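Accompanying notes for the structure given below.
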Amino acid sequence: MSASWKQLLFQILLLLVSCRRINTKTPGPTPPPLVPITSLPTDERSASLEGESHTEKVELLNPVNLSLACTWTGNQNKLPNITGFWRKDGDEVENSQVTVQLEGDQYKLKRVFSIVSEESLGSYSCVFGSEEAKIEFVLAAPQIGEVRDKPIVSYVGDSGVIACKMEETKPKPITWNWYKANGTDKIFAVAELLRYEIKNEERKTKLVVHNLTEADGGLYYCGAVYAISTTMSHVELKVISFQEPLKPFIAIVIEVSVLVAAILLYERCQSKKNYTAGNGTIDQTNTMTQGENNEPEESSSVRQRKI
């Protein structure tokens, strides 16, 4: 076999090997690890329950091994032991069921979870008995408390300024990002650097959109970036033309003009009726006067004939 054929055969073998290594399936999201990771820092949160349910909010900034501890005072039965387990976003955590002993009139359940990314956040619940009592820990990054309900109104050709703010009591974000709603998706708002400008000031951020068009109207999302997750909030921008504010005024002017014209027309019709009625009265008066003047002349002529 010649050298060229050997080289061609070698290339074909390499191609076959590389094709076998290609994964054509789109990988899904990696499930968050629930077991502790030794390289992460540790933190602990605990809550006590006297009734049937309790919710505890937990703010996180960085990935962490989080120890969640639950204490339940139990019910009137005070069984020596019950079954306890954990749930993540409503689904039972695998291999989390344990037997919980009654100690000092209390049941205690504890577990360590590795919170490494945004997918690890959510609802973690410790459940005592057959869903008899539970404590829910809601894990999330600091939320933007200031939400604007009314839209920001700007004019075509002008510049629109959209602002977001994190409360003073909240930790400062690492940075801020802006997105624009595109149907059900969000696109990065600074794709057109000539028209978009971001101004960040620790807990505040502003997005300036220059040379506005009507297509720039819609929902804009500001994102406070933390190491564990990005907290989102939205603001609506409404872009209108300069003629838009004049429309109500023009409508009022038209209504007033129509009303004045109707009043003038009514008065004109009334004046015509009065004028016609007045002429009829004058004619009747003249006729009666002429009749009275002719009556004496006739009576005098009759008298002369009798004599």
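The values are calculated or read from the model by the stated rules, or taken from the named source; none is laboratory data. Since we're looking at a predicted model, the values are computed, not measured. Positions of Cβ are backbone-derived with ideal geometry, glycine not excepted, and every protein chain shown enters the neighbour counts. With ligands, DNA and RNA removed, areas are computed over all heavy atoms of the protein, side chains included. Shrake-Rupley method; radii C 1.70, N 1.55, O 1.52, S 1.80 Å.
Give, in nm to one decimal, the length gained when the segment between Asp105 and Asn62 is fully stretched (0.36 nm per residue of separation minus the Cα-Cα distance).
11.9 nm
Looking at the P(r) of the stretch 59-151, how many percent of alpha-carbon pairs lie beyond 18 Å?
51 percent
Expressed as a whole number of Å, what is the distance separating the alpha-carbon centroids of the stretch 48-75 and the stretch 97-150?
Using only Cα atoms, the two centres lie 5 Å from each other.
Give me the percent of the accessible area of the stretch 24-146 that comes from carbon and sulfur atoms, probe 1.4 Å, all protein chains in place.
46 percent
Label points 7 Å out from Cα along the Cβ direction at Glu146 and Glu132: separation in nm?
4.9 nm
Can you pull out the GluC sites (Glu not before Pro) in the stretch 83-136 that DSSP calls coil and that have at most 12 other Cβ atoms within 10 Å?
Sparse-neighbourhood loop GluC sites (Glu not before Pro): Glu94, Glu131.
Between Val112 and Thr83, what length comes free when the chain is fully extended (0.36 nm per residue of separation minus the Cα-Cα distance, one decimal in nm)?
Gain on stretching Val112 to Thr83: 8.6 nm.
Net charge around Gly74, counting only other residues with Cβ within less than 12 Å of its Cβ (Lys, Arg = +1; Asp, Glu = -1)?
Net local charge, Gly74 excluded: -3.
Net charge near Val127, counting Lys/Arg +1 and Asp/Glu -1 over other residues with Cβ under 9 Å of its Cβ?
Once all neighbours under 9 Å are counted, the net charge is -1.
Normalising by the residue count of the stretch 92-173, find the relative contact order in percent from Cα pairs under 8 Å and 6+ residues apart.
17 percent
Assuming 0.36 nm per residue, please report the length gained on full extension of the stretch Lys172 to Val156 beyond their Cα-Cα distance.
2.3 nm
Count the net charge of all other residues whose Cβ sits under 9 Å from the Cβ of Ile152, scoring Lys and Arg as +1 and Asp and Glu as -1.
+2
Tell me, what is the per residue accessible area of the stretch 64-129 in Å², probe radius 1.4 Å?
So the stretch 64-129 comes to 48 Å² accessible per residue, rounded to a whole number.
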